[in-house]
Amino acid sequence: MAKFLHIADIHLGFDRYDTPERTKDFFRALQTVLERYAIEAGVDFVAIAGDLFEHRNIKPATLNQAQVCLQALKDANIPVLAIEGNHDNRPYGTRTSWLKYLSEWDLLKLLEPNDGAIAEDRLTPWCESTRSGSYIDLPCGVRVIGSSWYGATAPRAIELLAEAIKALPPGPDHSVLLFHHGLEGQISRYAGALRYTELLPLKEAGVDYLALGHIHKQYAVENWVFNPGSLEANNVEESRYQRGAYLVELSPQGIDAELQTDYFQRPIVRLELVAKGQESLDDLIQMAMDRAIAAVAQHQSGTAPILELKISGQVSFDRLELDTRRLQEAIKAASNALIVLIKYDVEDVAYQTPLGEGQNRAEIEQSIFEDMLTAHRDYKSRAAELARGLTDLKDRQLSGADEIDLYGLVQTLLAVDEPAPAPSAPSVA
């Protein structure tokens, strides 16, 4: 029986949200997964199905994180077999990549097919002296085959790989193929996904376990196609997906792949506050603060969560009056959240007070004026008084009052103080 760990989409060097702590999360996730489910579990090998790194060009600290994790496996005599994904494949026109560098330093084995060659030469055995090859036969009784990032050409690449696998000499009882691409129907709005039928040539060629990467959601199909998802969520949307690492056992009885999720993952809290159009600006801000602080306080793990607050519905004030950046900073200062994200998606309403049956035009008008004034931070304390004044102003204007008189009424309503006239110069006799 052979045992191995299948991981993908680690994305070391993740640098969104402008916080070094979040970048370290991806290192913590990889480190704890390898400690618990590779070293402590005593696996025969670790398979990385693409996207070890977030970027093709990485920072020294990111390279150091990879070296620390891979060195721990090397010290435990656990080989690491990897392929490049779309994030960490070599830049166009270059002959090397950071995965190639790690392979040359004997921290992993980068398995690459000879694309474009005839079937017999497309997959070559791993050579320790040149640190290159397309497949390797391990003492545990497993043949592991690599592939490249093919993008839109993946269907044709599968056909060529299947031909090359059939042309290989006889080998161990089990074959594992590492392939970085997504399967259709797993997530919405993903163009270019493979159909399941397009994978079948690989099964017919003798692949027992197809180790996928690329899509950040765990899924398995027909007990031979497996995708563990990303180790850590790359954004808050991904928090709704199950993801982790597959701890796999291959035996004559078949495949036993168990998804492991008990390792470091940054908690993500998603809230929605629906405004009903009856709250003032200050009321809505306080409600948002209270809800956010209470939600963050529920996480007692000691790991500060990422908080996303969505404010939706209708507001009775100008929606631009809410300073979302200021609210974001206030929530972060008052809670233990590592990152606060605010999605502000509301509509303005003209008024908020429910209209009763039998109200006449004047009463409806008065209610509307009061609602508009109540929503204003400067006028809400005098809303009823000012609403009556607006009605009086409207009536006077319709009756033909002089504009100067109307302006004087507005000054009186708003208690506008006129500047005192300058004292006149004393007369000289």
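Coordinate-derived values only; no laboratory data. Owing to the predicted nature of the structure, the values given are computational and were not obtained by experimental measurement. Note that we place each Cβ from the backbone using ideal geometry, even for glycine, and neighbour counts take in every protein chain shown.
Taking all Cα pairs closer than 8 Å and separated by 6 or more residues, the relative contact order of the chain comes to 12 percent.
For the range 69-131, just say rounded, prolate or oblate: build the C-alpha gyration tensor, square-root its eigenvalues into a ≥ b ≥ c, call rounded for a/c under 1.5, and beyond that prolate if a/b exceeds b/c, oblate if not. Note, shape of the range 69-131 comes out oblate. Each peptide among 233-239, 303-309 gets the average number of other Cβ atoms lying within 10 Å of its residues, and from highest to lowest they stand as 303-309, 233-239. Is the range 361-414 best put as rounded, prolate or oblate by its Cα gyration tensor, with a ≥ b ≥ c the root eigenvalues, rounded for a/c under 1.5, and otherwise prolate when a/b is larger than b/c, oblate when not? In terms of gyration-tensor shape, oblate.
Per-residue ellipticity at 222 nm, computed for the chain from helices alone with -39500 (n - 2.57) per DSSP H run of at least four residues, works out to -9500 deg cm²/dmol. Taking only alpha carbon atoms, the range 184-231 gives an Rg to Rh ratio of 0.96, where Rh is the Kirkwood radius.
Note on L63 and Q411: their simple-model spin labels are 7.5 nm apart, each label 7 Å out from Cα toward Cβ. Here the range 171-284 is treated as an ellipsoid with the same Cα gyration tensor; its semi-axes, largest first and in whole Å, are 39, 17, 10. Which residue, I48, L390, S251, has the largest displacement toward the positive end of the dipole of the chain when charges sit on each Cβ (Lys, Arg +1; Asp, Glu -1)? Positive-end residue among those listed: S251.
Size descriptor for the chain, Kirkwood hydrodynamic radius: 26.2 Å (Cα pairs only, one decimal). For the peptides 20-27, 408-415, the ranking by mean Cβ contacts within 10 Å, running from highest to lowest, is 20-27, 408-415. Ignoring lysines fewer than eight residues from K343 along the same chain, the ones with Cα atoms less than 24 angstrom from its Cα are K217, K276, K310, K332.
Ordering E84, E204 by the number of other Cβ atoms within 10 Å of each residue's own Cβ, fewest first, gives E204, E84. Summarising the strand pairing of the chain, around 30 percent of its internal DSSP beta bridges are antiparallel.
Once you order the gyration tensor axes a ≥ b ≥ c over the Cα atoms, which shape class does the range 242-322 get: rounded for a/c under 1.5, otherwise prolate or oblate by comparing a/b with b/c? Cα axes put the range 242-322 in the prolate bin.
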